[in-house]
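As structure tokens, the structure follows; a few thoughts come after it.
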Amino acid sequence: MGSRVPDMLSDVEWGRLVAALRLSPREDDMLRGMFYDERVDSIARTLGLSKHTVRTYRDRLYRKLGIGTCAQLLALAFSVHLQLAISRQADTRRVVDPLE
């Protein structure tokens, strides 16, 4: 999966999302696969892992984030991405008082 990033996010934005969610590199791989609606067998083939291992990583990712479905994972990722974008936009709009 390496450099594949959903079209809506730049590499920098994806990196911020992964950091905000505190994902390991393998969890990052899982999230990327799920963003592309890849099935367990497709993710396993791409990463060179067994389907059982991919399911284990997926389940651990769900537990880590306190969710239970792929839909919840994607909703959480979009929500965090949106929060990061709003926060960055607010930082760029901050007016600096020249007298300070």
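A few points about this structure:
- Share of Cα-Cα pairs in the stretch 11-93 lying beyond 14 Å, as whole percent: 64
- For the stretch 11-93, the relative contact order is 34 percent, taking Cα pairs closer than 8 Å that sit 6 or more residues apart in sequence and dividing their mean separation by the residue count.
Throughout, read-outs are computed from the coordinates displayed, never taken from laboratory work. Fair warning: this is a prediction, and the values are worked out from it, not measured in the lab.
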